[in-house]
Amino acid sequence: SVWRPLVRHALLFVLAIVAAQIVAWPRYDISPFRTDIALEYARLLLNFGVFFLAAFFIYYHGRKLILQMSAVILLSFAAILPAYIPRWQMNFISHDRLSGLLENPIVFGAWAMAAFFIGLGFFLSSKKVYAKVLLGAVLALFANFILWSNTRSVWIALIAGIIVLVLLYYLKDRNFRKIEWILSITLIAFLAGYVIFAYTPQRHRTNVEER
């Protein structure tokens, strides 16, 4: 199977990192048994697991699971909710910026932006009012994540993505109703996300206004 050598090499890579830290421990005081280091191992294993799981489904099922996989990405916001609890924030924050489980706020911001567009797509295609309300709340959370990541490149990319999306709907079928939905729900989501950000308890508050 094509997966066996990939999994084997991934495990060897993780074990090599552990071994290197054990060897370097006396010199640099980076014990692999510290809680924060153990958490980094858990993040590393999670990232490997998500990558290989996604690669497996894409390789064997292709387009059939795009909708389901998009829904999983959209629902992944639940894993970041503990960041709103002050005593758990240290596990999700990097230099006062939200980094989620990805350790890097820039990477996390890009992920949150992609999830925002996926949620926006579900919102536009949904016909039921309760579904739109629920998706609107999820979009507000992702907007909050994007602001909290404090990543200006993601903010610019999101604005560019909204402009491209509006142009596509305009050039395709002059669908002004959906264009209005795109602009209004994006504005509302980010206003709500900003309010959530303002009232979120934070040990070290990120200054979004300055950036």
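The values are calculated or read from the model by the stated rules, or taken from the named source; none is laboratory data. Just so it is clear, the structure is predicted and the values come from calculations on it, not from any experiment. All Cβ positions, even for glycine, are placed from backbone atoms using ideal geometry, and neighbour counts span all protein chains on display. To get the accessible areas, we keep the full protein, side chains included, count just its heavy atoms, and leave off ligands, DNA and RNA. Shrake-Rupley method; radii C 1.70, N 1.55, O 1.52, S 1.80 Å.
Scanning the stretch 89-108 turns up at least one residue that is open to solvent by 60 Å² or more (accessible area, probe 1.4 Å), in a helix (DSSP H, G or I) and touching a residue at least 24 places away in the same chain (Cβ under 8 Å). For residue 85, the requirement of being closer than 19 Å to residue 197 by Cα and β-branched (Val, Ile, Thr) is met.
The residues of the stretch 76-99 that are of a type in the set (Phe, Trp, Tyr) and touching a Ser or Thr at 6+ places or on another chain (Cβ under 8 Å), listed by number, are 84, 92.
The sole residue among 158, 165, 187, 171 that is out of contact with any Cys (no Cβ under 8 Å at 6 or more places or on another chain), open to solvent by 30 Å² or more (accessible area, probe 1.4 Å) and modelled with pLDDT of 90 or more is 187. Pairing each residue of the stretch 185-200 that is farther than 17 Å from residue 81 by Cβ and in a helix (DSSP H, G or I) with any residue that is open to solvent by 80 Å² or more (accessible area, probe 1.4 Å) and among the β-branched types (Val, Ile, Thr), provided the two are 6+ apart or on different chains, yields no C-beta distance under 7 Å.
Checked against (1) surrounded by 14 or more Cβ atoms within 10 Å (Cβ to Cβ); (2) over 12 Å from the mean Cα position of the chain (by Cα); (3) modelled with pLDDT of 85 or more, residue 83 passes all but condition (3).
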